[in-house]
Each structure stands twice: as C-alpha cells, then as structure tokens.
1. Enumerate the pairs (first residue in region 11-40 and without any contact (Cβ under 8 Å) to a residue 60 or more places away in the chain and surrounded by 10 or more Cβ atoms within 10 Å (Cβ to Cβ); second residue anywhere and part of a helix (DSSP H, G or I) and not hydroxyl-bearing (S, T, Y)) with beta-carbon separation below 7 Å, excluding pairs fewer than 6 apart on the same chain, so at least 6 apart or on different chains.
2. So P49 passes all but one of these: (1) outside any helix (DSSP H, G or I); (2) modelled with pLDDT of 90 or more. Which condition number does it fail?
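The values are calculated or read from the model by the stated rules, or taken from the named source; none is laboratory data. Source: prediction; values computed, not measured. In this analysis, Cβ positions are derived from the backbone assuming ideal geometry, glycine residues included, and neighbour counts consider all displayed protein chains.
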Amino acid sequence: MAPDPWFSTYDSTCQIAQEIAEKIQQRNQYERKGEKAPKNRTQALMPFPLS
C-alpha cells in the first residue's frame, strides 16, 4: 500500500507551524526584555502570498 500523500502534507505543515511558533516565541522574548526584535523576511519563507 502506497503512503497517503496527505500525511506528507500534514507533516510539512506541522513543521512549518512549529518554526513559526518558535519565531513568535523568540520575538516575544525580545519584547519582554525591551529589545527590538530583528525583522524576518517572512515573505521569502512563505511558499504562497499573504492575502
């Protein structure tokens, strides 16, 4: 039985969500310290346009 492509898409989506959550946590840590968070180029990371 061939693997379901849905699982591959799901795993990729979970990985991206984890990376985003980590970046948000880092940004929040900077803000708690009173520092400016470095700007991320999210558009370059996103495989699709933000609408």
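1. Hits for this filter: A37/R27; A37/E31; N40/K23.
2. So the condition that P49 fails would be (2).
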